[in-house]
1. Kindly flag which residue pairs out of LYS151/LYS279; LYS10/LYS371; LYS2/LYS357; LYS279/LYS327; LYS56/LYS371; LYS10/LYS357 have an alpha-carbon separation exceeding 29 Å in this structure.
2. How charged is the neighbourhood of GLU8? Take every other residue with its Cβ under 15 Å from the Cβ of GLU8, and add Lys/Arg as +1 and Asp/Glu as -1.
3. Taking 0.36 nm per residue of separation and subtracting the Cα-Cα distance, what length does fully extending GLU256 through THR282 add?
4. At a Förster distance of 25 Å, what's the computed FRET efficiency of ARG307 paired with TYR147, Cβ-Cβ distance as r, to 0.05?
5. Sort 52-62, 75-85, 213-223 by the packing proxy (mean of other Cβ within 10 Å over each peptide's residues), most packed first.
6. Using the Karplus equation 6.51 cos²θ - 1.76 cosθ + 1.60 (θ = phi - 60°), what ³J(HN,Hα) coupling, rounded to whole Hz, does each residue of segment 69-86 give in order, writing x for Gly and Pro?
7. Give me LEU159, LEU18 sorted ascending by neighbouring Cβ count inside 10 Å, so fewest comes first.
8. Among CYS333, CYS5, which comes first, then next, by fewest other beta-carbon atoms within 10 Å?
Amino acid sequence: MKIGCPTEIKPQEFRVGLTPNAAMEAIAHGHDVLVQSGAGGGAGFPDDDYRAAGAKIIDTADEIFASADMIVKVKEPQAGERKMLREGQLLFTYLHLAPDPDQTHDLLASGCTAIAYETVTDASGGLPLLAPMSEVAGRLAPQVGAYTLQKANGGRGVLMGGVPGVGPARVVVIGGGVVGTHAARIAAGMGADVTVLDRSLPRLRYLDDVFGGTFSTGYSSSGLLAELLTQADMVIGAVLIPGAAAPKLVRRDQFETMKPGAVLVDVAIDQGGCFETSKATTHADPIYEVDGIMHYCVANMPGAVARTSTIALGNATMPYMLALADKGWRQACADDPHLLQGLNVHAGQLTYYAVGKALGIDVISPQKVIKGQ
């Protein structure tokens, strides 16, 4: 199989879909790897690293899309890239289709087969290809929130850990999954007073057992969240419904109860965001203000630490990428029901229920697709 890796073109996206090690593994399995010149530069992987691995360096994305059987990326294909996709081609990347009707319709029109990292599952019910970036984004959230909290950036001017005689920042983390747990650990490590909210009592028990004393936990109800919003210096949105649009948990009319200059960090922005006023921003212009409340809503947060993120993502995606290349997507998905959960689009048909529900599009069962029905 010809595996193509184009340069990411989303603003300030420095990650790359294939590491040189992943390219070397694919080549060892008998596949051809085509990498666009400069694709790995932002993550610290020069073209020579890919050449040494045995990959062929290609000048343009047009050539990659025209000749590759499988396209491996990081972020969802942008409008120009979607025009280059073709019938029968396999796309393996993050998609986040539920809040993105334009992308969804373009992928359906292209006739390609698209497997989304974020909906691949594992035997324990986790999301193994989302988890590495969730870990990175969770750990970044308190850092970028602390920066936004500085007065020069519009925030309250509160230091996360305080100083002797002055209390620390109060941080509320909504969601106790991978993102929320890592966000809470880092925020607490910075000295903040942290509360994590979740609706799973088993998860809250786990967090108390493992991190008891490091941060507090609470059952996520509208009443408790409303109470904590009045006290919070920072709120980190870390909720996830796999493949679906994020629920809106903080309303604009609640801002008047919050402290002026408080910060909202929306890690769920890829799935539409979990605050009513969230809108995607970029690393170049990450912060905006609504009614005195500061928002940080960068849609590709892990791109800020591109080398760490690329290696972590590559470690997770490599076995799936090799299975798709070695067996073909249909057999690979037939052999692995967890990989099949990643199938979102095939030959003009939507195959992921949560996306169809969010966008009002008919869905065909992925099981029927792999059986050719």
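No value in this document is a laboratory result; all are computed from the given coordinates. Predicted model only: the values in this text are computed from it and were never measured. Note that each Cβ is placed from the backbone with ideal geometry, even for glycine, and that neighbours are counted across all protein chains shown.
1. Numbers: LYS151/LYS279 22 Å; LYS10/LYS371 35 Å; LYS2/LYS357 34 Å; LYS279/LYS327 40 Å; LYS56/LYS371 34 Å; LYS10/LYS357 27 Å.
Where the Cα-Cα span goes over 29 Å, the pairs concerned are LYS10/LYS371; LYS2/LYS357; LYS279/LYS327; LYS56/LYS371.
2. Working: positive: LYS10, ARG15, LYS73, LYS75, ARG82, ARG307; negative: GLU13, GLU76, GLU81, ASP270.
Its environment carries a net charge of +2.
3. Working: separation 26, 0.36 × 26 = 9.36 nm, distance 2.65 nm.
So the extension gain works out to 6.7 nm.
4. Numbers: r = 20 Å, r/R0 = 0.81.
Here the calculated transfer efficiency is 0.80.
5. Answer by packing, highest mean first, reads 75-85, 52-62, 213-223.
6. Running phi through 6.51 cos²θ - 1.76 cosθ + 1.60 with θ = phi - 60° gives 7, 10, 9, 10, 10, 10, 8, 4, x, 6, 3, x, 5, 4, 5, 8, 5, 9 Hz.
7. Working: LEU159 17, LEU18 31.
Lowest to highest Cβ neighbour count: LEU159, LEU18.
8. On the way: CYS333 25, CYS5 29.
Sorted ascending by nearby Cβ count, the order is CYS333, CYS5.
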